[in-house]
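Below you'll find the structure, written out as structure tokens, and then a few comments.
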Amino acid sequence: MLAVAGVSGSLGRAALLIGLVGAVFGMFASVMGTRQHDEKVLRLVPRFATLCVIATVSAFVCMEYAMITRDFSLAYIQKVGSKSTPALYNFTAVWSALEGSILMWMLILAVCTVIIAWKYRNRLIDPLVGWAMATMFFVCTFFFMLTLGPANPFGKGAAGVLDGPGPNPLLQNHILVVFHPPILYVGYVGMTIPFAFAIGALITGRLGEGWLLETRRWALFSWGFLTFGIILGGWWSYEVLGWSGVWAWDPVENASFIPWLTGTAYIHSVLVQERRGMLRVWNLSLLIATFSLTILGTFLTRSGVLNSVHAFSDSDIGPYLLTFFGVIVLVSVGLIGWRGEKLRSPGTIDSPISREGAFLANNVLFGVFAFVVLLGTVFPLIVEALQNRQLIVGEPFFDQLATPIGITLLVLMCIAPVLPWRKASGELLRQRLFWPAWAGIAALVMSLGVGAVGLAPLLTFTLGGFAAGAALRQLALATRRQGLRGLVGRANGGMVVHIGVIIIAVALAASNSYTRSQEITLTVGKPAQYGGHSFEFVRFVEEKDDRRISVKAEIIIDGSGTYAPAIQKFINVGQNIGTPSVKSMFTKDIYLTLQPPVKVSTNTAKIKVFIKPLMMWLWIGGGLMGVGTLLAAFPGSRRKPTDPVSAPIAQEASA
Amino acid sequence: MMSTLNKKLKAWPVWMLMGLLVVALLAVGAGRQSGPLTQEDRIDNVTQRLACPTCDGESVYVSQAPSSQNIRNEVARQVASGQRTDDEIVAFIESSFGGQVLLVPRATGLDALIWVLPIAVLVCCTAGLALTFRRWKREQGGQASDADRALVAQLLELDTDPTDSL
């Protein structure tokens with residue numbers, strides 16, 4: 001038995017070693033082949049990428065095999081494995097701690113590398129692709145080294161261990177553990193691809209139109225996954241953590257949000273480059289910033305310098321990640337200094353009141369937003385280093401700064417969609433924004449009608465109506481011209497994403513500002529009233545298995561439908577986890593949690609009821625963002641790709 | 001006829017009126033009272049501003065830890081007694097529990113940087129953008145460089161190629 005167990009660890013480690021060799025050779029082949037224009041050498045590049053991916057898949061399979069067979073000879077299985085974990089959560093336990101997460105990172109990175117290598121295999125002779133491949137292999141090499149050194153998932157564990165605690169209870173409690181981490185990682189790791197192309201462009205000092213489009217599409221792909229992953233994370237938090245919120249400005253959440261912000265800045269300002277050929281160096285810098293921020297975020301959250309509820313383990317990979325981050329930043333800044341002038345375009349932007357101007361204002365806001373989140377995340381470290389005292393920067397700080405930034409972004413979303421390129425006149429704006437502005441006024445009147453109060457939420461609803469009006473106006477014009485094809489393409493798909501964002505902003509403003517809650521002690525047979533709803537306690541249900549003892553309180557809301565908030569005690573870990581139960585409606589959610597202490601023998605239960613308006617619209621808005629991103633990923637029909645970018649496009653019907 | 005009406009409708013004066021309408025409506029909405037806060041709502045508001053002492057950056061509101069439960073109970077007692085305002089309860093908790101219980105940095109000393117830096121960055125970025133626009137404005141219709149002339153000459157040469165049908 002032990003001999004077999006040793007095999008899966010050794011095999012996994014051997015696979016990772018082979019992967020490292022493949023990545024190093026791939027890097028050399030890319031560099032040599034590109035420098036000497038040697039097609040024979042370049043033809044090897046996709047093969048090395050294939051070797052990397054086979055190696056990582058094998059290592060991952062070994063890890064899963066060890067997990068499934070409960071191979072407790074491995075330290076990692078001792079840490080996150082348990083005989084009592086159900087099959088599904090045992091499968092996902094592979095990414096429930098640091099070493100396995102880095103292995104999954106490696107897997108996704110290798111898949112990205114092989115896709116790029118094979119997709120562009122006929123264009124490898126182009127030095128830009130050659131250098132991009134070299135960059136991909138360089139990043140692969142680093143991560144293979146991590147998995148072989150400080151984040152080794154196949155390390156031997158202490159002898160004689162026959163069972164483990166299993167993954168953190170929060171990671172064996174909800175189906176989203178299957179989806180949220182991998183999807184978020186695809187977004188995170190996918191940012192390597194546009195970064196590699198950015199480095200390629202800087203080294204060759206050349207930025208062809210075609211590569212710009214490819215880079216944008218890959219960035220959009222990663223951005224879409226990152227967005228989706230973040231929203232799923234919010235949903236998971238809501239379903240599992242029991243405080244009825246989706247976002248706590250926790251360091252790990254921030255680490256995913258900061259690259260999202262810079263990535264969002266990029267997918268906007270790259271349109272200026274596509275259209276006018278400008279801002280080339282700026283856009284490359286945004287891509288590099290986005291990628292390096294994923295590394296910095298991983299450093300901050302995985303090295304133990306910052307702690308959070310999500311950082312499910314500490315380790316000594318900190319110095320490696322920090323060094324890698326430093327190398328990336330130094331090399332990139334050096335390359336920009338060396339090549340920047342060559343890439344810079346001679347054109348100018350005519351007027352700040354233009355679509356270009358709006359995209360630049362967008363970049364300033366997203367840049368400041370990213371800075372604020374990063375500052376709030378690392379500020380405790382700064383204070384500790386300088387004054388050796390503890391400081392906590394929490395939700396209220398981020399909320400206070402994010403609210404004005406978010407409202408300003410909404411203002412921009414009202415105006416920017418209708419702005420023409422180059423230059424706009426006041427009269428044109430008054431014409432085009434007239435009906436969208438009335439949509440804003442209508443939204444304001446409506447929210448006053450249903451009793452909304454408070455300046456910030458009311459401003460959000462007004463601007464939300466206005467911005468939705470502006471986005472719908474663009475979509476209406478596009479579909480009038482082109483029918484359903486008017487929904488496709490970056491600009492129009494982008495408008496669908498905007499509507500999703502607006503819905504999310506409105507839902508967040510409403511649920512953050514108007515959540516009401518009450519603790520109620522319920523007795524069997526005596527329904528209680530709160531917030532216009534009745535709550536009737538039926539009984540406690542106790543369930544017990546090897547893994548946990550769970551107590552559910554069955555509660556009937558408004559005479560129909562049983563909801564069962566629960567408290568589960570995970571036996572191996574000795575930790576109590578509350579599981580909320582939610583009744584979702586279009587106008588509001590009723591969110592129930594069972595409050596400790598629970599005495600099953602009695603017939604009273606203490607519950608906390610949260611009434612949260614418009615929560616469901618958060619997920620609807622998220623879905624719309626996903627649909628819009630897909631629509632934006634397809635080429636639109638506004639311009640034939642063969643036309644020069646300066647060719648006139650069909651005039652918009654004047655509104 | 002229609003278009004002049006349209007123009008008049010969407011002219012400055014109408015926009016001014018719309019602006020005034022929005023300001024008036026916002027003033028009404030921002031000024032009026034929401035429904036009475038229950039004790040639980042007040043407890044939520046206060047605990048959202050307090051840090052859980054044992055769990056790294058979570059608020060007492062979010063946290064399920066026993067130490068947070070203690071603070072929550074104390075806040076509940078204070079709210080129930082009705083003696084203190086929210087701010088006073090926060091100050092009371094800070095003095096009686098000690099340690100770092102505030103989630104929002106103060107605006108004094110080194111901590112003030114966290115408030116000043118975002119504003120400084122915003123001002124710098126906006127100023128930088130404004131300067132860039134000014135430079136762009138100056139450069140409009142700017143001079144062609146030698147590289148530009150060489151490129152044009154090269155293309156003109158190509159253009160004289162008799163086989164080029166264009």
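The values are calculated or read from the model by the stated rules, or taken from the named source; none is laboratory data. Computed from a predicted model, the values in this text were never measured in an experiment. Reconstructed Cβ throughout: ideal geometry from the backbone, glycine too, with neighbour counts over all protein chains shown.
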So A:GLY376, is it more than 25 Å from A:ALA491 (Cβ to Cβ) and either among the hydrophobic types (A, V, I, L, M, F, W, C) or assigned to a helix (DSSP H, G or I) (or both): yes
Residue match in region A:106-125 (condition: of a type in the set (D, E, K, R) and under 17 Å from A:PHE142 (Cα atoms)): no
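From the list A:ALA476, A:ALA471, A:ALA456, pick out the single residue that is at pLDDT 90 or above and within 12 Å of chain B (Cβ to nearest Cβ).
Within the list A:ALA476, A:ALA471, A:ALA456, the selection yields A:ALA456.
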Test: A:ALA289 is among the small types (Gly, Ala, Ser) and closer than 22 Å to A:VAL497 by Cβ: yes
Hits in region A:247-272 (condition: in a loop (DSSP other than H, G, I, E, B) and surrounded by fewer than 23 Cβ atoms within 10 Å (Cβ to Cβ)): A:TRP247, A:TRP249
Residue identified as within 11 Å of chain B (Cβ to nearest Cβ), part of a helix (DSSP H, G or I) and at pLDDT below 95 among A:ILE353, A:ILE382: A:ILE382
Any chance A:VAL364 is surrounded by 21 or more Cβ atoms within 10 Å (Cβ to Cβ) and within 12 Å of chain B (Cβ to nearest Cβ): no
Number of the exception - A:ILE295 against (1) in contact with a Ser or Thr (Cβ under 9 Å, 6 or more places away or on another chain); (2) buried (at least 23 other Cβ atoms within 10 Å of the Cβ): (1)
Every residue from region B:84-118 that is free of Cβ contacts under 8 Å to residues at least 40 places away in the same chain and within 9 Å of another protein chain (Cβ to nearest Cβ): B:PRO105, B:GLY109, B:LEU110, B:ASP111, B:LEU113, B:ILE114, B:TRP115, B:LEU117, B:PRO118
Residue identified as of a type outside the set (Gly, Ala, Ser) and assigned to a helix (DSSP H, G or I) among B:ARG84, B:ARG72: B:ARG72
Selected residue [more than 14 Å from chain B (Cβ to nearest Cβ) and at pLDDT 95 or above] from A:VAL501, A:VAL551, A:VAL538: A:VAL501
Candidate set: region A:411-421, residues that are in a helix (DSSP H, G or I) and over 22 Å from the mean Cα position of the chain (by Cα); chosen: the one farthest from the other protein chains (Cβ to nearest Cβ): A:PRO417
Members of region A:242-258 found to be more than 8 Å from every other protein chain (Cβ to nearest Cβ) and not aliphatic (A, V, I, L, M), listed by number: A:SER244, A:TRP247, A:TRP249, A:GLU253, A:ASN254, A:SER256, A:PHE257
Residue within region A:91-103 that is farther than 21 Å from A:ALA151 by Cα and crowded, with 24+ Cβ neighbours inside 10 Å present: no
Filtered residues of region A:184-227 (kept if among the small types (Gly, Ala, Ser), buried (at least 21 other Cβ atoms within 10 Å of the Cβ) and closer than 14 Å to A:ARG280 by Cα): A:ALA198, A:GLY200, A:ALA201
Breaking point among (1) of a type in the set (A, V, I, L, M); (2) more than 18 Å from the chain's Cα centre (by Cα); (3) modelled with pLDDT under 90; (4) within 21 Å of A:PHE371 (Cα to Cα), for B:ALA91: (4)
Residue that is nearest to A:ILE567 (Cα to Cα), among those in region A:160-183 that are without any contact (Cβ under 8 Å) to a residue 60 or more places away in the chain and buried (at least 21 other Cβ atoms within 10 Å of the Cβ): A:HIS180
Whichever residue in region B:119-143 is at the interface with another protein chain (Cβ under 7 Å from one of its Cβ atoms) and surrounded by 13 or more Cβ atoms within 10 Å (Cβ to Cβ) and, among such residues, is modelled with the lowest pLDDT: B:TRP136
Inter-residue pairs, beta-carbon under 7 Å, first away from chain A (no Cβ under 13 Å) and in region B:61-76, second among the hydroxyl-bearing types (Ser, Thr, Tyr) and part of a loop (DSSP other than H, G, I, E, B), 6+ apart: B:SER67/B:THR54
Close pairs (7 angstrom Cβ cut-off, 6 or more residues apart or separate chains): more than 7 Å from chain A (Cβ to nearest Cβ) in region B:36-50, of a type in the set (Asp, Glu) anywhere: B:ARG42/B:ASP86; B:ASN45/B:ASP86; B:VAL46/B:ASP86
Residue in region B:1-27 that is farthest from A:THR462 (Cα to Cα), counting only those that are at pLDDT 90 or above and at the interface with another protein chain (Cβ under 7 Å from one of its Cβ atoms): B:TRP15
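Okay, residues lined up against (1) assigned to a helix (DSSP H, G or I); (2) out of contact with any helix residue (DSSP H, G or I) (no Cβ under 7 Å at 6 or more places or on another chain); (3) loosely packed, with under 15 Cβ neighbours inside 10 Å:
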| residue | (1), (2), (3) |
| --- | --- |
| A:THR403 | yes, no, no |
| A:GLY406 | yes, no, no |
| A:LEU409 | yes, no, no |
| A:LYS423 | no, yes, no |
| A:PHE434 | yes, yes, no |
| A:GLY440 | yes, no, no |
| A:ALA443 | yes, no, no |
| A:PHE466 | yes, no, no |
| A:THR479 | yes, no, yes |
A:ARG339 in contact with a helix residue (DSSP H, G or I) (Cβ under 7 Å, 6 or more places away or on another chain) and closer than 24 Å to A:TYR188 by Cα: no
